[in-house]
Amino acid sequence: MENTTGTTQDLGGGLSLETLLVHGATPFDPHTGAISSPIYQSATFRHPALNESTGFDYSRVVNPTRSELERTMALIENGKYGLAFATGMGAISSLIKIYKPGDHLIVSEDLYGGTYRLFKEYYERYGFFFSFIDTSDFDRLQAALRPETKAVFIETPSNPMMKVTDIRRCAGLIHSRGGHLIVDNTFLSPYFQNPLALGADIVVHSGTKYLAGHNDTLSGFLVHSRDDLEDALREAQKSEGASLAPFDAWLVLRGLKTLAVRMERHQANAVRIASWLRRHPRVEQVFFTGFSDHPQYRLSLDQSRGFGGMVSFYVKNAADAPALLKNISLILFAESLGGTESLLTYPVVQTHGAIPEQMRLSAGVNDRLMRLSVGLENADDLIADLDDAFRKCEL
Ligand SMILES: *Cc1c(COP(=O)(O)O)cnc(C)c1O
C-alpha cells in the first residue's frame, strides 16, 4: 500500500496497538522522510500574511511536536482527541476547569496524593465539592450521588491498594445523571486498559510514568472523544499554560515506541516478585491484581488486558519499612513509578503524605505499606536485592 501523506491512517485500519505505538500518528516526516519525529523547538511561528496562519501561531497553544504526540495518544487510547500537558497534575488541573463552583465530583478515596491535594486544598476553596469514597463499592458510589454531581473521577486499579472499580458500571451510573466518568489510567497504561472503550468520557495519564517510561521526563495527558468538551478542554490547556514542551513531547514519543515490550516485561517481573513476596515470612499481605484470589480478579480480566507492574505490600513490623528502604541497593528508594528502574516508595510519607491520617488509614495506607514499581531489570536480581534487604531487617 502507498503511504503518501505519512499518516498511520493512510496505512488503513486494523493495525494493532503494538504497531501504532511504534509508528505513532505520523510514521515519517512527509517533508524530509525523517523516521524520528522532528523536534520543533520554536516558541512562535511566522504568519504568511494578516489573517493567514500555517496552523501554528504560538507554542503554548499548538506546537507540531506536541500535536504529533497528542494525535498518537488519541490513537492508542481509542479517543478522538488528545491533549498533552507538562505534568499529570497540569492535565488534571486543566481538566477541572471545565467544571464550575457548586459542582460536585465523586473521587476514589485511594488515589494519587497530589490529586487529592489539588482538589481538597485548592478547588474546595474555590467552591467545588468532592466526596472521596471507595469507588470499587458500587452501593457507596450510588449513595454518594447528588443532584449537582457532574463527574466521577476514579483510579483503577487504585493507588496504592489495587482496588478495581467497574468502569462500565460506573459509566452507566453517572451517564444516567448526565455526568462524566473520568479515569486516571496511569497504572495500567493504554497497553493494558482502554477506559474510553468501556464507556469513560475522559482518560487522564501521568505520562511521567509508563508512557515516557524511563524516569527522565514529566508529562500528562487527557484523551477523549467528546466533541462537546473539546473546545473547553483546549481553552483550559491554552489558558492554564501547562502545555508540554517540544523536547519533552519527543521524549514521550520515543518512550511510547517500546511501551508494549516494556509493559510485558514489567508485568512478568511483577508476577515473579509478587509471588515471592507473598511467601516471605516478614510480609503480611501483598496487593497485586494478578493474583487469582484478588477480590476483583474476574473484573480485572473483564475490563483489562493485564495487571501491570505495580505491587504493594504490608510488612509485618512497621520497623521493617525504614530498614528495607535503607538496605535495598539495586532497587532505588524514590517516589515515582513506571520507569525502567525499579523503585520502592513509602506511600505514607511520599505519594500519599498530603492525605489526612484518618482517611489514609481507612484506605489502608499505614506505616507498614510499601509500594514497589517493578522495573525492567532481571527479576532474579530484584528478588536477591529484596531478600538481602529483608535479611538485614532481622539484625
Ligand atoms: C504521578 C501520578 C499523577 C501525577 O502526575 P505528575 O506527572 O507527577 O504530575 C497522577 N496520577 C497518578 C496515578 C500518578 O501516579
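The values are calculated or read from the model by the stated rules, or taken from the named source; none is laboratory data. These numbers were taken from a predicted model, which means no experiment stands behind them. Cβ sites come from the backbone with ideal geometry, for glycine too, and all protein chains shown count toward neighbours. The protein model used for the area step is the full one, side chains on, heavy atoms only, and it has no ligands, DNA or RNA in it. Shrake-Rupley method; radii C 1.70, N 1.55, O 1.52, S 1.80 Å.
Somewhere in the stretch 235-242, is a residue on the phi > 0 side of the Ramachandran plot, outside the structural domain of Arg305 (by TED's automatic domain parsing) and more than 16 Å from the ligand (Cβ to nearest atom)?
Here is the first cut: in the stretch 235-242, the residues on the phi > 0 side of the Ramachandran plot are 241.
Then drop every residue that is not outside the structural domain of Arg305 (by TED's automatic domain parsing), which leaves 241.
Still in the running and more than 16 Å from the ligand (Cβ to nearest atom): none.
No, because not a single residue in the stretch 235-242 is on the phi > 0 side of the Ramachandran plot, outside the structural domain of Arg305 (by TED's automatic domain parsing) and more than 16 Å from the ligand (Cβ to nearest atom).
Among the residues of the stretch 17-37, which ones are of a type outside the set (A, V, I, L, M, F, W, C), closer than 16 Å to Val252 by Cα and part of a loop (DSSP other than H, G, I, E, B)?
Gly24, Thr26, Pro27, Ser36, Ser37
Taking into account only those residues within the stretch 83-101 that are closer than 23 Å to Thr149 by Cα and away from the ligand (no atom under 11 Å from the Cβ), which is most open to solvent (accessible area, probe 1.4 Å)?
So, considering only residues that are closer than 23 Å to Thr149 by Cα and away from the ligand (no atom under 11 Å from the Cβ), the one most open to solvent (accessible area, probe 1.4 Å) is Lys100.
Residue check: is Asn317 within 16 Å of the ligand (Cβ to nearest atom), open to solvent by 40 Å² or more (accessible area, probe 1.4 Å) and of a type in the set (S, T, N, Q)?
no
Could you count how many residues in the stretch 342-395 are hydrophobic (A, V, I, L, M, F, W, C), assigned to a helix (DSSP H, G or I) and open to solvent by less than 60 Å² (accessible area, probe 1.4 Å)?
Filtering the stretch 342-395 for residues hydrophobic (A, V, I, L, M, F, W, C) gives 343-344, 348-349, 354-355, 359, 361, 363, 365, 369-370, 372, 374, 376, 379, 382-384, 386, 389-390, 393, 395.
Narrowing the set further to residues that are assigned to a helix (DSSP H, G or I) leaves 359, 361, 363, 379, 382-384, 386, 389-390, 393.
Remaining after also requiring open to solvent by less than 60 Å² (accessible area, probe 1.4 Å): 359, 363, 379, 382-384, 386, 389-390, 393.
So the answer is 10.
Just to be sure I understand the filter: pairs with C-beta atoms under 6 Å, separated by 6 or more residues or on different chains, first member in the stretch 227-247 and in a helix (DSSP H, G or I), second member open to solvent by 70 Å² or more (accessible area, probe 1.4 Å). Which pairs pass?
Ala236/Lys97; Pro246/Tyr40; Pro246/Gln41
Among the listed residues Gly79, Gly127, identify the single one that is away from the ligand (no atom under 15 Å from the Cβ), in contact with a Pro (Cβ under 6 Å, 6 or more places away or on another chain) and not in a helix (DSSP H, G or I). Explain how you work it out, then say what you get.
Values: Gly79 fails: in contact with a Pro (Cβ under 6 Å, 6 or more places away or on another chain).
Among Gly79, Gly127, only Gly127 is away from the ligand (no atom under 15 Å from the Cβ), in contact with a Pro (Cβ under 6 Å, 6 or more places away or on another chain) and not in a helix (DSSP H, G or I).
Those residues that are touching an Asp or Glu at 6+ places or on another chain (Cβ under 8 Å), away from the ligand (no atom under 13 Å from the Cβ) and open to solvent by less than 20 Å² (accessible area, probe 1.4 Å), I need them from the stretch 196-227; list them, please.
Val223, His224
Among (1) touching a residue at least 12 places away in the same chain (Cβ under 8 Å); (2) open to solvent by 10 Å² or more (accessible area, probe 1.4 Å); (3) assigned to a loop (DSSP other than H, G, I, E, B), where does Gly338 come up short?
(2)
In this structure, does Ala74 turn out to be among the aliphatic types (A, V, I, L, M) and either within 16 Å of the ligand (Cβ to nearest atom) or outside the structural domain of Lys238 (by TED's automatic domain parsing) (or both)?
Values: among the aliphatic types (A, V, I, L, M): yes; either within 16 Å of the ligand (Cβ to nearest atom) or outside the structural domain of Lys238 (by TED's automatic domain parsing) (or both): no.
No.
Test each condition in (1) open to solvent by less than 80 Å² (accessible area, probe 1.4 Å); (2) farther than 13 Å from Phe390 by Cα for Glu264 and report the one that comes out false.
Here Glu264 meets the rest and fails (1).
Kindly indicate whether any position in the stretch 31-39 is buried (at least 19 other Cβ atoms within 10 Å of the Cβ) and either outside the structural domain of Glu240 (by TED's automatic domain parsing) or touching a strand residue (DSSP E or B) at 6+ places or on another chain (Cβ under 8 Å) (or both).
Step one: list which residues in the stretch 31-39 are buried (at least 19 other Cβ atoms within 10 Å of the Cβ), which gives 37.
Checking the rest, the ones that are also either outside the structural domain of Glu240 (by TED's automatic domain parsing) or touching a strand residue (DSSP E or B) at 6+ places or on another chain (Cβ under 8 Å) (or both) come to none.
For the stretch 31-39, residues buried (at least 19 other Cβ atoms within 10 Å of the Cβ) and either outside the structural domain of Glu240 (by TED's automatic domain parsing) or touching a strand residue (DSSP E or B) at 6+ places or on another chain (Cβ under 8 Å) (or both): absent.
Going by the conditions given, is Leu337 at pLDDT 95 or above, within 16 Å of the ligand (Cβ to nearest atom) and not assigned by TED's automatic domain parsing to the domain that holds Thr186?
Values: at pLDDT 95 or above: yes; within 16 Å of the ligand (Cβ to nearest atom): yes; not assigned by TED's automatic domain parsing to the domain that holds Thr186: yes.
Judged against the criteria, Leu337 is a match.
Would you mind finding the one in Val61, Val107 that is more than 14 Å from the ligand (Cβ to nearest atom) and either touching a Leu at 6+ places or on another chain (Cβ under 7 Å) or not in a helix (DSSP H, G or I) (or both)?
Testing whether each residue is more than 14 Å from the ligand (Cβ to nearest atom) and either touching a Leu at 6+ places or on another chain (Cβ under 7 Å) or not in a helix (DSSP H, G or I) (or both) leaves just Val61.
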